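Below is one structure, written out as structure tokens, with a few remarks after it.
The values are calculated or read from the model by the stated rules, or taken from the named source; none is laboratory data. Note that the structure is predicted; figures quoted are calculated from it, not measured. Using ideal geometry, Cβ is built from the backbone for each residue, glycine included, and neighbour counts are taken over all protein chains shown.
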Amino acid sequence: MTNPLRTAVCMPTFGDFDARTLGELAAAAEGAGWDGFFIWDHLLWDPLGRGAADTTVALTAIALATSRVRFGTLVTPLARRRPWKVARELASLDRLSGGRLTLGVGNGDDVDFAPVGDPTPARHRAAVLDESLEVVRRLLEETGPVDHAGTTYRLEGAQLHDRTVQPRIPFWVAGWWPNRKPLLRAARYEGVVPLWPEFKVPSPTEYAECLDVVRAARAGTRQEDDPFDALVWARSDGPEDDRALGYAEVGATWWVDAFHWRTDSLEDVRRRIDAGPPRT
């Protein structure tokens, strides 16, 4: 029996893809039958030199323009953010959207941060990412004051009084195959976003090998039977494209049509979204 496979699009946030336009595209995606709408998350990187949409502002526009689709980031470099600020933003967005938010996270790189003197080795970022995930989750889910004494952060009686609509906002963790450490991190949360070098689309067999690592890490844990999402980062040719079915058979739960600022114009994106999702 295959998993139900949902479909989404993922957008850059540069040039023509400003916050207003992203909201309009999200509404179009919802109307055309897609199940999700996700965006990149960058602070300074602006490859077109025409301005980049602030992530939280864009997510707010998407939340207000839609009523059904799941939405969020793919992905946020959480180690570069203050976790209490991220937690506040997530709580507000989840309430605003009626409980449709997902946070994609990853280790990120220095593309946004070297210009402001904040380069950090990947190993250190990974340790901060793990601590940040813990802090964000506790702030979102614990009802009382949060104390935390970690390597990077210290909290004494910190508390968010906002409650989320979802009992738990899903955290989807990205990582580059065949690096297994991000997959083991993902196994502790609600989803995995496996990526291949040069954004290659893996075969279903290659994809299954990656998911086997996650399944093995979840086996015997308290999360083993909890819902868990697995994303395929790919690109369909249209509504008659049935390639997604092969990935559902090996455990994928989301097919994400990923658009890129270098190859996809706003007009191309509109046409593809309006045509509707691939066959699932």
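Descriptive notes on the structure:
- Looking only at the stretch 45-78, and only at residues there that are touching a Ser or Thr at 6+ places or on another chain (Cβ under 6 Å) and more than 21 Å from V165 (Cβ to Cβ), the one that is surrounded by the most Cβ atoms within 10 Å (Cβ to Cβ): L78
- Residue within the stretch 216-235 that is part of a helix (DSSP H, G or I), over 28 Å from G33 (Cβ atoms) and out of contact with any helix residue (DSSP H, G or I) (no Cβ under 6 Å at 6 or more places or on another chain) present: yes
- Single residue of the stretch 252-272 satisfying the filter (at pLDDT 95 or above and β-branched (V, I, T)) that is farthest from W45 (Cα to Cα): T253
- Residues in the stretch 236-272 that are in a helix (DSSP H, G or I) and among the β-branched types (V, I, T): V269 alone.
- Residues in the stretch 150-166 that are out of contact with any strand residue (DSSP E or B) (no Cβ under 8 Å at 6 or more places or on another chain) and without any contact (Cβ under 8 Å) to a residue 24 or more places away in the chain were compared, and the one that is nearest to S92 (Cα to Cα) is H161.
- Considering each residue of the stretch 48-71 in turn, at least one proves to be part of a strand (DSSP E or B), under 14 Å from the mean Cα position of the chain (by Cα) and within 24 Å of P182 (Cβ to Cβ).
- The number of residues in the stretch 198-247 being in contact with an Asp or Glu (Cβ under 8 Å, 6 or more places away or on another chain) and surrounded by 14 or more Cβ atoms within 10 Å (Cβ to Cβ) comes to 7.
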